[in-house]
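Single-structure report; data block below.
The values are calculated or read from the model by the stated rules, or taken from the named source; none is laboratory data. Worth saying up front: this structure is predicted, and the values here are computed from it rather than measured. Backbone-built Cβ (ideal geometry, glycine too); neighbour counts: all protein chains shown. Ligands, DNA and RNA are stripped out before the accessible areas are found, and what is left, the full protein with its side chains, is counted by its heavy atoms. Shrake-Rupley method; radii C 1.70, N 1.55, O 1.52, S 1.80 Å.
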Amino acid sequence: MSTATSSNPAQHHIMGVYNRAPLAFERGRGARLFSTTGEEYLDCVAGIATCGLGHAHPVLVDALKTQGEKLWHVSNIYTIPEQEVLADKLCAATFADVVFFTNSGTEAIECALKAARRYHVVNGQAERVNIIGFDGSFHGRSYAAVNASGNASYLDGFGPRLPGYIQLPFGDMDALKAAIDDKTAAVIIEPVQGEGGARALTEAQLIELRQITRDAGVLLIFDEVQSGMGRTGKLFAYEWAEGAEPDIMAVAKALGGGFPVGACLASTEAARGMTPGVHGSTYGGNPLAMAVGQAAFDAINSEELLDNVKTVAGYFTQQLNGLKDRFPDVIVDIRGKGMLIGIKVVPNNRDFMVMARDQKLLIAGGGDNCVRLLPPLNLTVEEASEAIAKLEKACETARAKASAA
Ligand SMILES: *Cc1c(COP(=O)(O)O)cnc(C)c1O
């Protein structure tokens, strides 16, 4: 068939589910991306928060090459020592005791939801099936993930909603207390919403969430696919609140530094139902992914890198609030946590992204008419100041367009 399924003429045989920018890249280095037409961009998207160490980081390239010459894939029929190394690191650094490796964030979410329901089955409470999620959340695109987030635009046209999923207003603890009953299996939430527009729970909310779920015998699942792996200045965002450890956590994005790796972490107790045969993955935890994941983990789980996130994030917050004061007609809110930064804009956020792109600055979109900055975690203050200068020019463009209209 030669019929186009995409509106982009260069994408005849690609399914048209993305509204892609007319821009392609040939190579990257750190926070720089070079287009196929030879132009240089400052990258504050970083593969949607996956390339936490920037592009072509030498330590990751070396890990990939070294493992690439040894062994790529054998499947989970066998023991994979490289999995045990990365799982040890993740468990040493978190609440977790056990890990299931996946290829993506969505699969980590699937594992988390399945583990939660199985837990109650082996615990003699098979009636506990309901999963409580929150408005504005994003957990991925599988049927379970779109039902858990409840976002209508991801559900419409895909048949009936799955039973057993409930959504509440983000951060509404009174609604949560009222909604939990003896049919509730788990609560799933992003400590800092990513796609939803960089909305962060407060530390007090995180602690309350933990108390409410613990008291009710309900499992707490944190989706740290975007907020985790150093993005907020801690290895995981839940660490900002003491005593807010979840029972289960989904991790992906920066876990592989840009290579596809995800993980579902759990306490021994919460993983009780995950017995031989109940779950699996062909590619999950393959030696190549594990080798890159180990290298990325060591580089991200360092005081120096996490300090850099806090420093550069502090600089961004201060400078962006300055821009908001000078351009109240363009910027109405600065939100998020660490280097998961949301800027709520007055012009359409997609239009503002193009204005930034015209300044050779790449930024991401987000819910609630936000744009997001998700730069590499090793971004320097100099690069951050370059990003601010480009954003300032984009604000000037936005102002000029509004007054011309
Ligand atoms: C990206 C994301 C996912 C889905 O991850 P994929 O790797 O795209 O499957 C799930 N949850 C959150 C919070 C995310 O940001």
* To do: Could you work out, for the stretch 71-300, what percent of all Cα-Cα pairs fall into each 10 Å distance bin, beginning at 0 Å and stopping at the bin that holds the largest distance?
  => 8, 35, 38, 17, 2, 0
* So, in Å, what gap is there between the alpha-carbon centers of the stretch 259-334 and the stretch 360-376? -> 16
* Structure fact -> The lysines whose Cα lies under 30 Å from the Cα of Lys360, excluding any fewer than 8 residues away in the same chain, are Lys234, Lys253, Lys310, Lys324, Lys337, Lys344, Lys390, Lys393, Lys401
* Treating only the Cβ atoms of Lys and Arg (+1) and Asp and Glu (-1) as charged, compute the dipole magnitude of the chain about its Cα centre; round to the nearest 20 debye. => 860
* Asked: On the accessible surface of the chain, probed at 1.4 Å, how many percent belong to carbon and sulfur atoms?
  -> 52
* Structure fact -> Protection proxy (average C-beta count within 10 Å per residue), highest first, orders 212-222, 274-284 as 212-222, 274-284
* Paramagnetic label zone (point 7 Å from Cα along Cα-to-C-beta, Lys70; backbone N under 20 Å) in the stretch 272-293 -> 283-293
* Based on Cβ point charges of +1 for Lys and Arg and -1 for Asp and Glu, what charge dipole magnitude is obtained for the stretch 71-300 about its Cα centre, in debye rounded to the nearest 20? -> 440
* Can you tell me which of 187-196, 231-240, 319-328 comes out highest on packing, and rank the rest after it, using the mean Cβ neighbours within 10 Å? => 187-196, 231-240, 319-328
* Asked: Say we join alpha carbon atoms closer than 10 Å with springs in a Gaussian network model of the chain; which of Ala126, Ala87, Ala266 then has the biggest fluctuation?
  -> Ala126
* To do: For the chain, count all C-alpha to C-alpha pairs, find those more than 34 Å apart, and express that count as a whole percent of the total.
  => 30
* DSSP beta bridges in the chain [antiparallel fraction, %, rounded to 5] -> 65
* Helix-derived [θ] at 222 nm for the chain: sum -39500 (n - 2.57) over DSSP H runs of at least 4, divide by residue count, nearest 500? -> -11500 deg cm²/dmol
* Structure fact -> the chain accessible area per residue, 1.4 Å probe, protein heavy atoms, integer Å², reads 44
* So what's the angle, to the nearest 10 degrees on a 0 to 90 scale, between helix 303-326 and the longest Cα principal axis of the chain? -> 50
* To do: Can you tell me the dipole magnitude for the stretch 181-227 around its Cα centre, using point charges on the Cβ only (Lys, Arg +1; Asp, Glu -1), in Debye to the nearest 20?
  => 40
* Label Asp325 and Met173 with points 7 Å out from Cα along Cα→Cβ: what is the distance between them in nm? -> 3.2
* Are there cysteines in the chain with no second cysteine's Cβ under 4.7 Å away, and if so, which? -> Cys44, Cys51, Cys91, Cys370, Cys395
* Against the longest principal axis of the chain, how steep is helix 105-122, in degrees 0 to 90 to the nearest 10, with axes from Cα atoms? -> 20
